[in-house]
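Below is one structure, written out as structure tokens; comments come after it.
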Amino acid sequence: MSLSSTATQILAQVPEGLTADEYKAAEAASSAGFAYGLAAIGPGIGIGYLVGQAVQAMARQPESAGQVQTTMFIGVAFTEALALIGFVVFILLKFA
């Protein structure tokens with residue numbers, strides 16, 4: 001048994017004695033979860049940075065707060081779309 005399969009069994013809690021199809025399903029589930037976790041990190045950082053910069057811009061120029069807020073929400077929507085794409089990939093990996 002290789003090190004990577006041992007680590008996968010520990011992380012995914014895969015019991016010994018599975019059939020090939022059951023093992024493939026367990027591997028797919030753990031891989032899909034890992035992929036979605038990675039896909040959620042980027043948008044989380046991006047939205048945090050975007051909102052922080054928008055708040056800073058509104059604090060510096062309160063008269064342009066409306067325009068900055070509108071632009072911020074558009075940016076948040078585009079960034080959140082990345083997380084939704086990651087979720088779709090998660091579903092595709094899980095049920096493929």
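Packing here is the average count of other Cβ atoms within 10 Å per residue, and on that basis the peptides 75-81, 59-65, highest first, run 75-81, 59-65. The length gained by stretching the chain between Gln67 and Ala28 to full extension, at 0.36 nm per residue less their Cα-Cα distance, is 9.6 nm.
Since every read-out is calculated from the coordinates, none of them should be taken as a lab result. Worth saying up front: this structure is predicted, and the values here are computed from it rather than measured. Every residue, glycine as well, gets a Cβ built from its backbone with ideal geometry; the counts of neighbours run over all protein chains shown.
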